[in-house]
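Comments concern the structure below.
The values are calculated or read from the model by the stated rules, or taken from the named source; none is laboratory data. In this text the structure is predicted, and so the values were computed from the model without any measurement. Don't worry about glycine lacking a Cβ; one is built from the backbone with ideal geometry, like all the others, and counts go over all protein chains shown. Only protein heavy atoms, including side chains, enter the accessible area calculation; ligands, DNA and RNA are left aside. Shrake-Rupley method; radii C 1.70, N 1.55, O 1.52, S 1.80 Å.
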Amino acid sequence: MEIIQGILIIALAVWMVIDQQGLVVTTWFPIMVALFAGIIMGDMQTAMIIGGTFQLMALGVANIGGSSVPNWGLAALVGIYVAIRTTSDIEEAKAVALAVGVPVGMLGIQLDVLAKLLNTYVTHAAQKAANLGNFHKMNRILWLGPVIFGLSTGLPTALCVLFGDKIVKVILQVVPQWFTDGLSIAGNLLPVVGIALLLQVMPVKKYLTMLLLGFVFAAYLQLPILGISIIGFALAYYYFTTEMHKADRTAADGGAAVVASEGDDFDE
């Protein structure tokens, strides 16, 4: 069973980076990775807690213009696998996931850069084949692109699957308690940074009342996140339909004015 789980985790790591290049563009998000990893590992609760932590880290971070950013999806995947393999305690699993996942996520920057550099040569080779009219060769060469990207996440995941839990057990025995406590504190701070980055690109001033309502629901009324999400969806849907009706009325009034104007000109 452990062998099958390891193979599926590696396959998920390969799929998520290929998906990130423009297939479905959903499964590489940490929370989505956590969903599938939880199914594979048979511990959905631990997986979703770890995935949610890394998802908060990823908020407001995007590889715009081909830039490379920490691969928090890979970090969540590796962290979930190693944490579930190492311990059954939720808090300890979270600390283990952060200890393993954060360095792997940062390593993802270099691996992404390397994959993009190698794919530059792949693109030029495919272009040469296309210029010569050898399109079958061009298609074969282009298949190297997904393979390279898949290896950029598949290889580190395979190493963690093979040696991850053993390495973590050694680290936990050697590393002092204050260091692991520091990782837990950092793990609680990083989501705040992610939310702050996200708020910078959102129209906070325009929808400040909605933000305050959400804060009151979460902090004072202790409403679960699902309930807050449903309320947010209801408010967003009401706002959307109201604005659509306004736009339709404006368009209709504008069309009537144009028709009246054209009629006057015709009569003249």
Taking a 1.4 Å probe, which of Ser152, Ser88, Ser229 shows the most accessible area, and what order do the others take after it? Ser88, Ser229, Ser152
Ranked by accessible surface with a 1.4 Å probe, highest first, in what order do Val102, Val78 come? Val102, Val78
Averaged across orientations, what area in nm² does the convex hull of the alpha carbons in region 55-152 project? 7.5 nm²
Taking K and R as +1 and D and E as -1, what net charge do the other residues with C-beta under 11 Å from the C-beta of Ile9 add up to? 0
A chain fully extended from Leu35 to Val216 at 0.36 nm per residue, minus the present Cα-Cα distance, gains in nm 62.3 nm
Once label points are set 7 Å from the Cα along Cα→Cβ at both Ala196 and Gln127, what is their separation, rounded to one decimal in nm? 4.2 nm
Multiply the residue gap between Tyr239 and Leu223 by 0.36 nm, knock off their C-alpha separation, and tell me the result in nm, one decimal place. 3.5 nm
Ignoring everything but the protein chains, give the 1.4 Å probe accessible area of Phe135 in square angstrom, nearest 10. 110 Å²
Cβ-Cβ FRET estimate between Ile7 and Val204, R0 fixed at 45 Å, reported to 0.05: 0.50
Estimated FRET transfer efficiency when R0 is 45 angstrom, pair Asp89-Asp253 (beta carbons, to 0.05): 0.10
